[in-house]
Structure formats: C-alpha cells, structure tokens
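Here the structure is laid out as structure tokens; the discussion comes afterwards.
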Amino acid sequence: MISFFRAVTCALATAPMMLAPLPAQAQPNAKGAVVATTALGGAPSGASAHRIRYRSSDQNGKPVIVTGAVIVPRGPARAGARDVVVWAHGASGVAETCGLSDKPGLYDQIAGLNALLAAGYVVVAPDYQGLGSPGPHPFLVGKAAAHNVIDAVRAARAMPQAHAGRRYAVFGESLGGYSALWAGAEAAAYAPELQLVGVAAAAPPTDLKANLTGGTNAAVRAFLTAYTASSWEKVYALPLMTVVKPHTASLIHALARNCVTLDGFKLRTKIGMLRLAGQLRNVDLAASPRWAALIARNSVDPARLTVPLFIAQGSKDAIVAPDVTRGFVDALCRRGAAVRFMPIEGGDHVSVGKRSASEAVAWIGDRFANRPAPSNCGGG
C-alpha cells in the first residue's frame, strides 16, 4: 500500500520510461485503444508485463491518454480467454510524474498479485489520468476514475498476447477503492460490452465531506485536502482563494507538488503538512456552495451500486475514518446489496489492502465461478 505516511517529492521519482508507439493501423480512437507499449522487467515468475498508453475519457467524456501496466500469466489461456482483474492503486499524488507504472516497486504495490496471476487472471494497473500523462489529474473525481479503470480492461483486451475476455473484477485500496466503487456505478452504462462480476474495495473514501474532515491525523488530512483542492481548482476551474486565504492557497499548491512513494516524507514536507493542518483548522470547503456541490457529486452513491461488493476497513485507520465506511456499508445493506464486509481489528490505512487481499482474491474467484454472492449485512 502506498501511504500518505511515506511520501517524498516528485523530484525524487524515477523519470518516466519511453514507450514505443504501436503501428499506425493499431491506433484507432476507440476508448481503451492501446497507442504505445513497452516491455517491463522484473515481472513475477511465470508472468510478463508491459507498460501501456491507452485511450480513455475524463469526467466530461473528453478523450484523454492514460498510462498503466498489464501483467499476463505465461502459457495458454484457460477456456480460450482470461478473466481480467483491475488493480486500482491508492493515492500517489496529483502531479504528472506521480504515476506508478514506471516506478520501482510497482509489483509489490499490487495486493494479491501472485495469487491473481496464479489463478490465471490478466492484471491491469492503471495510473489514472494525469499521472504519467499530461494533467490535470482529477483526484477524487468519480466519473474520471471510473472511466480510466474500465478503459484499462478494454486496453487489456486490445493486446493480443493478453487473451483477455470480457469478464472483469476491480480491486482497489484507498483512492483505488473509491475508483473501484465508482467503476461499479458506471460500468453498465459506460461499457455494456463488458461484464463486471464484482468490486472489492479496501478503505475507500465514500462520503467525501465526512472523509475530508474525519480520520485521526490532522496533518495527513491536510495533505489529502491539498491534493483534492489543488486538483479540483484545475479540473473545475474553481479558484482556491474562494475558500482559503492566499498564503494557505500557496501552501496547498506547494504540497500538491509532492508525490507519495515508499521512502518517507522529507522534513520540509512534514513541516508543510503541519502548517497546513493549522491553517485548515477553521476552513470548511463544504461551506462554499460550489465546493459543496462538487463534494456531493463526487461522493459514492450507494443506490447506484448493484454489483456484488467486498469492502474491507481497518479499525485504526487514521485517514479513512472507520465510522464513515461502516455507515456506507450500512446504507448498502439497507438497500439489500450483496456486500461482504471485512472489518480488520487494529488494521491501519497502510496495511488494509494486503491484509484483506487473501479474502478479496478468493471472493473474486467465486464471482468468476458464478457462485452466489455472500452478504453479512446484520453481522460482524
């Protein structure tokens, strides 16, 4: 899991590798079309991997290019086509150099990767729009995230060596859990030719107003707010100074240039987070009608989720408040959703994806096997 507690600046990030363009006849304008690819080294034993650029669309349907990784088990596909699992990663930043598909440690970040490959699935890991490709990155913008995730499946299907079928599942953590849920809400309308069998989400933000003010670590919440506010200022042309003072806006812009990596915050970044936490103590983005409307629009609506769901949440999460996730699950249950809720006692935000991976992968396998979706609504 990529953690807000282990971030460094984008300046330290590995420079993006060059991608070889595909032949011109392989570059249609369809969503999911792969326009460039390069082999990736270090893939797990028995698998091959490629970094790709593929076509997708933003929240308004405007064409965009997204990068990502496709990891394929070696050997013949079972039954002629492989099922696809999209891994939606957690927050890595909002700057163009914050993509993950060209960074060391990519494979280690994908929870349950070896088990997914052993089961014969194609695993696709999108970077999201604006990370590894020109921005802006629409951070916590639901429709854009859903489009990027779903079009990653189309991209896998466009690669002959993947032998990818039309059935897919989405597994994500943190921001990726949010993206996975939004993909669940958008899938039927956006990609009716595909079959989404289920969505697994670990520690997903759902009610953005509650998530941006919840949690127990004020400095980390400030960093999350910096990402959101900086992104939305560009995506929605909504100036920060409509809700914060100029010096606070400057600090938000400075922090938003930092990527989240494995190595830890630099001291100056930690100091900036603490300063911003103090400045945001009495700031409520939702007090502005325009910001409030966007917060509501980009929250996850339980009523739109009709696919089977697996949701995991750690009880010691300092970023995504456990009570907010529990409330979301309760709302799903009231609507009769097939939801398997996995509370992880003592689990924090960093560990929940990998701690839930074994059960999530087994749950995904049952969905592909067409077994009845379980629900533990009303139980622990």
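Rule-based calculations on the coordinates, nothing more; no lab input. None of the values given here were measured: they were computed from a predicted structure. Every residue, glycine as well, gets a Cβ built from its backbone with ideal geometry; the counts of neighbours run over all protein chains shown.
Before moving on, here are some points about what is shown:
- Gain on full stretching of the segment that runs from GLN161 to ALA369 - 0.36 nm per residue minus C-alpha separation: 72.5 nm
- Under 5 Å between amide hydrogens, built in the peptide plane, is the criterion, and for PHE341 it picks out ILE311, ASN376 among residues at least 5 positions away or on other chains.
- In order along segment 362-369, phi translates into HN-Hα couplings of 5, 4, 4, x, 5, 5, 5, 7 Hz, rounded to whole numbers, per the Karplus curve 6.51 cos²θ - 1.76 cosθ + 1.60 with θ = phi - 60° and x for Gly and Pro.
- Where chymotrypsin sites (Phe, Trp or Tyr not before Pro) fall in DSSP loop in segment 157-195, at most 15 other Cβ within 10 Å: none
- Kirkwood Rh and Cα Rg combined as Rg/Rh, segment 26-86: 1.04
- With only Cα atoms counted, segment 338-380 has Rg and Dmax values of 11.6, 33 Å.
- Using the rule -39500 (n - 2.57) for each DSSP H run of four or more residues, divided by the residues of the chain, the 222 nm mean residue ellipticity is -10500 deg cm²/dmol.
- For the peptides 242-251, 89-98, 149-158, residues were scored by their other Cβ atoms within 10 Å and the scores averaged per peptide; the highest-first order is 149-158, 89-98, 242-251.
- Whole-number D in µm² s⁻¹ for the chain, Kirkwood Cα-pair radius fed into Stokes-Einstein, 20 °C, 1.002 mPa s: 104 µm²/s
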